[in-house]
Amino acid sequence: MSEKSKITFVDTSPEVKKAMASLAKSALRASGKVIRKHVRKEVPLRTKRIKNHIASWVFIDKKTGQPQMQVGFYGWQKVEDRGKDPSRSSPWWIEQGTKPHLIHSSKTMYDKSTATKYGHNVNHPGQAATHVLRNSVYNNISEIKAAQEEYLKLLSGEIEKAKSKIDDEDYEEDD
């Protein structure tokens, strides 16, 4: 058989696409579970509420049609919608850090006896970035790959099943 007349199987049926996308999304969900576990361990805590913000979500990108996963922090509104207690500080302050800044209070305490104002301005020293999300992914690549391997083996099995459905011996070459 010449190279030009070699038969290749390409199945573009919706069922096959759906099965492949679902297996890919499952693999991403498994790796998201691993990442969330490590982020929960590494987040510096004052209260346990910040752990309620850690999340990952899997979706199909509309432009490329490829499954994608994002790992990040929910906002406090989303945490409340899920029935958990949110942290009132932003989780992104832990990840990205903050610069030194001046905090203005809307209420000023006033001592009439000494004519002194208290608490109207506070100099915040800032906070160093911890990069918890990024470091959790970079430091645990091997665990993430191991979590995905199970689903990738299933995906390879699906591809092999699809290839075996075509029998190219029944076709004759047209010369």
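The values are calculated or read from the model by the stated rules, or taken from the named source; none is laboratory data. On a predicted model such as this, the values are computed, not experimentally measured, just so you know. Please note: Cβ atoms are built from the backbone with ideal geometry, for glycine as well, and neighbour counts cover all protein chains shown. Please note that ligands, DNA and RNA were not included when accessible areas were found on the heavy atoms of the full protein model with its side chains. Shrake-Rupley method; radii C 1.70, N 1.55, O 1.52, S 1.80 Å.
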Original post:
So, with a 1.4 angstrom probe, what is the percent of accessible area on segment 1-160 that is carbon and sulfur?
Top reply: 53 percent
Subject >> Within straight-line cross-link reach of residue 117, lysines at Cα separation under 16 Å, skipping those fewer than 8 residues along the same chain >> reply: 107
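Here are some pairs, 33/161; 37/84; 25/161; 41/145; which of them have Cα atoms lying more than 25 Å apart in this structure? Working shown, then result.
Details: 33/161 29 Å; 37/84 18 Å; 25/161 20 Å; 41/145 20 Å.
Correct reply: 33/161.
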Original post:
Rounded to the nearest 10 Å², what accessible area does residue 114 show when all protein chains are kept and the probe is 1.4 Å?
Top reply: 80 Å²
**OP:** Enumerate the residues in segment 38-71 having an amide nitrogen under 18 Å from the point lying 7 Å beyond the Cα of residue 81 toward its Cβ.
**Re:** 52-60, 70-71
Original post:
Just by accessible area at a 1.4 angstrom probe, what is the order of 37, 18 from largest to smallest?
Top reply: 18, 37
Subject >> Contour minus Cα-Cα distance for residue 152 and residue 98 (0.36 nm per residue) >> reply: 15.4 nm
**OP:** Using θ = phi - 60° and the Karplus relation 6.51 cos²θ - 1.76 cosθ + 1.60, list the HN-Hα couplings for segment 136-144 in order, rounded to whole Hz, with x at every Gly or Pro.
**Re:** 5, 6, 5, 7, 10, 4, 5, 5, 5
**OP:** With all protein chains present, calculate the accessible area of residue 80 using a 1.4 Å probe and round the result to the nearest 10 Å².
**Re:** 80 Å²
**OP:** Keeping all protein chains in position, work out how much accessible area residue 69 exposes to a 1.4 Å probe, and write it in Å² to the nearest 10.
**Re:** 50 Å²
